[in-house]
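Novice: One structure, as C-alpha cells, below. Some questions next.
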Amino acid sequence: MAADQAESNLQVQPLPLMKRLTQEHTRVFFFSLGKLGRNPVGTLLTALVIGVALALPAGMHVLTQNLSKISYSWQDSLQLSLFLKDSVSSERGAALAREIRDRPGVQATRYVSREQSLAEFRSQSGFGEALDVLQDNPLPAVIAVTPERGRNKLQVEVLLGELTRLPEVDLAKLDQKWLERLYAILGIIDRAVFIVGLLLGIAVVVTVGNTIRLDIEARREEISVMKLIGAPDSFIRRPFLYTGFWYGLAGSVFALVLVLAGTLALSGPSETLASLYDSTFTLSGLSFGSSLLLLLTGIVLGWIGAWITVWRHLAHIQPQ
Amino acid sequence: MTDIIHFNQVGYRYPGGKDVLSDVTFSLGRGEMAFVTGSSGAGKTTLLRLVGLLCKPTRGQVMVDDVNLASLKGGDIAPFRQRIGMVFQNFNLLYDRTVFDNVALPLVIRGFAYSDVQRRVRAALDAVGLLNREKSSPLTLSGGEQQRVGIARAIVSKPALILADEPTGNLDPEMSKEVMKLFERFNQVGVSVLIATHALHLIVHMPHRIIHLDGGKITARRPRTPAMNDLPPFPGEDLRGR
C-alpha cells in the first residue's frame with residue numbers, strides 16, 4: 001500500500017547541521033541565480049545602475065592614483081637650494097656639498113660657485129648687460145640638494161631644517177609651492193572620492209534594497225505559505241540575501257568593465273599629452289587588489305541592502 | 001489514549017472586537033480523527049489557527065503535542081509548525097514551482113538529503129495518486145488534484161497531526177469524498193487529523209467525533225461511533241437526510 005510505503009520512507013532523519021547548511025546554501029546559491037536569470041532585462045538594468053554607481057568612485061580613484069604617480073615622478077625634480085654666506089670660500093663650499101651628499105636622505109648635491117651663478121644668470125636671464133653696471137657679484141654660491149627619491153614632504157622639511165642650521169648656510173629654500181598645491185588638490189579629490197563613494201554606496205544599498213522590497217512584495221503569498229508550513233525566517237531570508245549578493249557582484253563586474261573601458265579610452269590622449277612634456281607617463285587602470293576590493297565592496301553593499309530590506313519587511317508578513 | 005490537542009477554557013477575541021471563541025474545552029486523542037463543524041463565523045477556522053499558532057488565545061490554555069503554546073516564542077514557532085501538516089481550502093500552493101517542488105518544501109525546510117527528499121516526495125505523491133504529475137505545474141491541475149498536492153505536502157514529513165481547514169470547500173462532491181477518504185487513510189496509519197468543515201453531508205457517514213461550534217462555543221459533540229445509525233442529531237441540522 002502506498003501509505004505503508006510512505007510510512008517506511010518517513011524514518012529518515014534530517015542531515016547533520018553542517019551538511020544541511022552546505023546543501024541549503026548550495027541550493028539557494030543557484031536557485032537565486034536562476035530566479036534572476038528568468039528576468040534578465042530587469043536584472044541587467046539593476047546591475048547596470050549599481051555598476052554606474054560603483055564605477056564613479058572607482059574611476060575617481062583611478063584618476064587620483066594616476067595624479068599621485070605624476071606628482072611622485074615630479075618629486076625627482078624637487079631641489080633644496082642652500083644659499084651660502086659670502087664668507088664661505090669656493091673650496092669650503094665644494095667640500096660642504098660633498099658632506100651634505102653623504103647625509104642620509106640626500107640623493108645628490110651640486111655646488112654652484114658665485115662665479116658660476118653669475119655666468120648662469122648672465123646666459124639665462126637676458127639681463128647680462130645690466131650686470132655689467134654692478135661693481136661686485138651680488139649672487140651667492142649655492143648648493144643644490146636633491147632629496148632621496150620617495151621622501152615625503154615631512155621628511156624633506158626635516159632635512160631642510162637641518163641644513164638651514166649649518167653655519168655656512170645663509171638661507172635655505174625649498175621651492176615646493178606648486179607641489180604643495182598639487183598635494184592639496186589631490187587631498188581634495190581624495191576626500192571627494194570618499195564622499196562620492198559613501199553617497200553612491202548608500203545609493204547601491206538603496207537600489208538593491210528597493211529591488212528586493214519589490215521582490216518581497218511580489219512573493220508575499222509565497223512567503224506566507226512558507227511560514228505556514230514551518231519555514232524559519234533564516235530559510236525565507238536566505239534567497240533574498242543571495243539575490244543581493246548576485247546584484248552586488250554583477251554591479252561590481254559592470255563597474256570594473258566601465259572603469260577599464262574609461263581607462264582604455266583615455267590612455268591614448270593622456271600619453272599624447274605626456275609626450276608633449278617629454279614624459280613617458282602611461283595611464284594605469286585599477287590594480288588587481290583594487291579590482292578585488294571593488295568586487296568585494298559591491299557584494300557587501302548588495303548583501304547589506306538585501307539584509308536591511310528583508311529584516312524590515314519579513315516580520316510584517318504573517319500567514320493568514 | 002493520550003491527547004495530542006487539549007483546549008482548556010480557551011477564548012479568543014479579535015483586538016477591539018467581539019469574542020470569536022468562548023470557553024472552548026476539548027481534546028483530540030493521538031491517532032484520532034475528528035471534525036469541527038459549524039456555520040460560517042462559528043469559530044472553526046479560529047480554532048484551527050490557534051492550534052497552528054497562527055494566533056494566540058486571549059484566554060485559557062492550548063496544549064499541542066505536550067507543548068503549551070503560550071510558552072513558545074518567536075524562534076520556536078517555525079519548528080513547532082514543522083510538526084504539523086496543514087491543509088487549506090485555497091490549497092496555498094506555490095504556482096511557480098512544480099508539484100514535486102511544492103511537496104518537497106517541508107523536507108527542504110527541515111534539511112533532508114536530496115535523495116531522501118526524492119524518495120519521500122514520490123511516496124507522498126503516490127499516496128495521493130499524483131505520482132505521474134510530479135513535474136507538472138499546479139496551474140495545470142484540477143481543484144481536486146491541487147488539494148491532493150496540498151495533502152501530499154502536509155503528510156510528506158510525517159506529522160503527528162494534520163489540520164485541515166475546509167479542505168473540500170472548493171471541490172465538487174465526488175472529489176470531496178475522495179479527499180475525505182485520503183484523510184481517513186492517513187488516520188488509519190496513526191496520524192491525528194482535525195478537520196474544520198461545514199459540509200456535514202460528507203462527514204455524517206464517517207465514524208469520527210464531531211465538535212459543533214455555534215457563536216464561538218461548543219454546542220454539541222458526537223462521540224466516535226462505528227455506525228451512522230447511532231448518530232445523535234445535531235442542533236438545526238438534519239444530518240441523516242443529506
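We did not get these values from a lab; they are worked out from the coordinates using the rules stated. This one's a predicted model, so the numbers in the text were calculated from it and none came from an experiment. Please note: Cβ atoms are built from the backbone with ideal geometry, for glycine as well, and neighbour counts cover all protein chains shown.
Novice: Starting from the Cα of A:Arg98, move 7 Å in the Cα-to-Cβ direction to define the label point; list residues of region A:136-169 whose amide nitrogen is under 17 Å from there.
Specialist: It comes to A:143-144, nothing else.
Novice: Let me ask something else. From Cα coordinates alone, what are the radius of gyration and Dmax values for region A:192-320 in angstrom?
Specialist: 20.8, 75
Novice: Another question, if that's okay. Once the Cβ-Cβ distance between B:Arg59 and A:Leu266 is put in as r, and R0 is 60 Å, what FRET efficiency do you end up with, to the nearest 0.05?
Specialist: It comes to 0.20.
Novice: Quick one: Cα centre-to-centre distance for region B:72-117 and region A:182-220, in angstrom?
Specialist: If we compute the Cα centre of each part, the gap is 38 Å.
Novice: If I take the Cα coordinates of region A:123-174 and project them onto the principal axes, what are the three extents in Å, biggest first?
Specialist: 42, 25, 12
Novice: Give the distance, in whole Å, between the Cα centre of region A:295-320 and the Cα centre of region B:133-191.
Specialist: Going from one Cα centre to the other spans 35 Å.
Novice: Next question, about the same structure. Could you give me D for the protein assembly as shown, from Stokes-Einstein at 4 °C and 1.567 mPa s, where the hydrodynamic radius is the Kirkwood radius over C-alpha pairs? Units µm² s⁻¹, please.
Specialist: After rounding, the answer is 42 µm²/s.
Novice: If you take the beta carbon distance between A:Phe194 and B:Lys181 as r and set R0 to 51 Å, what does 1/(1 + (r/R0)^6) give as a FRET efficiency, to the nearest 0.05?
Specialist: Working: r = 70 Å, r/R0 = 1.37.
Calculated value: 0.15.
Novice: Another one. Enumerate by residue number the trypsin sites (Lys or Arg not before Pro) in region B:1-42 meeting two conditions: DSSP loop (anything except H, G, I, E, B), and at most 15 other Cβ atoms within 10 Å of the site's Cβ.
Specialist: Listed in order of number, the matching sites are B:Lys18, B:Arg30.
Novice: Okay, moving on. Taking only DSSP H segments of four or more residues, each worth -39500 (n - 2.57), what value at 222 nm results for chain A once the sum is divided by all its residues, to the nearest 500 deg cm²/dmol?
Specialist: Per the formula, -24500 deg cm²/dmol.
Novice: Related question: Subtract the Cα-Cα distance of B:Ser115 and B:Ala160 from 0.36 nm times their separation in residues, and report this length gain in nm to one decimal.
Specialist: That works out to 13.9 nm of additional length.
Novice: In the neighborhood of A:Ala141, defined by Cβ-to-Cβ distances under 13 Å, what is the net charge if each Lys or Arg adds +1 and each Asp or Glu adds -1?
Specialist: Working: positive: A:Lys85, A:Arg92, A:Arg110, A:Arg114; negative: A:Asp86, A:Glu91, A:Glu115, A:Glu120, A:Glu168, A:Asp170.
Computed value for this residue: -2.
Novice: Can you compute the modelled spin-label distance between A:Arg110 and A:Ala184, with each label point 7 Å from Cα toward Cβ, in nm?
Specialist: The two pseudo-label positions are separated by 2.9 nm.
Novice: Report the calculated FRET efficiency for B:His201 and A:Val206 (r = Cβ-Cβ distance, R0 = 45 Å), to the nearest 0.05. Each step should come with its number before you reach the end.
Specialist: Values: r = 57 Å, r/R0 = 1.26.
So, using R0 = 45 Å, E works out to roughly 0.20.
Novice: Still on this model: Any idea how far apart A:Thr22 and A:Gln318 come out in nm if each label point goes 7 Å out from Cα toward Cβ?
Specialist: Computed distance between label sites A:Thr22 and A:Gln318 equals 4.0 nm.
Novice: Would you calculate a helix-derived [θ] at 222 nm for chain B, using -39,500 (n - 2.57) for each DSSP H run of n ≥ 4 and dividing by the full residue count, to the nearest 500?
Specialist: -9500 deg cm²/dmol
Novice: Expected output is a single nm value to one decimal: the length gained when fully extending between A:Arg149 and A:Ser290, i.e. 0.36 nm times separation in residues minus the C-alpha distance. What is it?
Specialist: Details: separation 141, 0.36 × 141 = 50.76 nm, distance 2.51 nm.
Result for the pair: 48.3 nm of gain on full extension.
Novice: Given springs between every Cα pair under 10 Å in a Gaussian network model of chain A, which of A:Val205, A:Val106, A:Val158 has the largest fluctuation?
Specialist: The residue that fluctuates most here is A:Val158.
Novice: What per residue convex hull volume, in Å³, comes out for chain B when only alpha-carbon positions are used?
Specialist: Taking only Cα atoms, chain B has a hull volume of 131 Å³ per residue.
Novice: Exceeding 32 Å between C-alpha atoms, which entries from my cross-link table qualify? They are A:Lys227/B:Lys135; A:Lys35/B:Lys181; A:Lys85/A:Lys153.
Specialist: The pairs that break the limit, which is 32 Å between Cα atoms, are A:Lys35/B:Lys181.
Novice: A further question follows. How about A:Lys173: which aspartates and glutamates have a C-alpha closer than 13 Å to its C-alpha, ignoring those fewer than 8 places off in the same chain?
Specialist: Result set, ordered by chain and number: A:Glu157, A:Glu162.
Novice: Under 5 Å between amide H atoms, partner at least 5 residues away or on a different chain: which partners does B:Val87 have, H built in plane at 1.01 Å?
Specialist: B:Leu163, B:Ala164, B:Asp165
Novice: Enumerate the aspartates and glutamates that B:Lys73 could reach by cross-link, defined here as Cα to Cα under 16 Å, with residues fewer than 8 away along the same chain left out.
Specialist: Leaving aside aspartates and glutamates fewer than 8 places away in the same chain, those within reach of B:Lys73 are A:Asp233.
Novice: Would you mind telling me which residue in A:Ala119, A:Ala47, A:Ala306 has the biggest mean-square fluctuation in a Gaussian network model of chain A, where springs connect alpha carbons within a distance under 10 angstrom?
Specialist: A:Ala119
Novice: On to the next question. Which one, B:Ile203, B:Ile109, B:Ile155, has the greatest fluctuation when you compute a Gaussian network model over chain B with C-alpha springs under 10 angstrom?
Specialist: Of B:Ile203, B:Ile109, B:Ile155, the Gaussian network model singles out B:Ile109 as fluctuating most.
Novice: Here's something else I'd like to know. Can you list which of the DSSP-assigned H helices in chain A have a Cα extent of 15 Å or more along the long axis and an average Kyte-Doolittle score of at least -0.5?
Specialist: A:17-37, A:40-74, A:153-164, A:177-218, A:233-276, A:288-314
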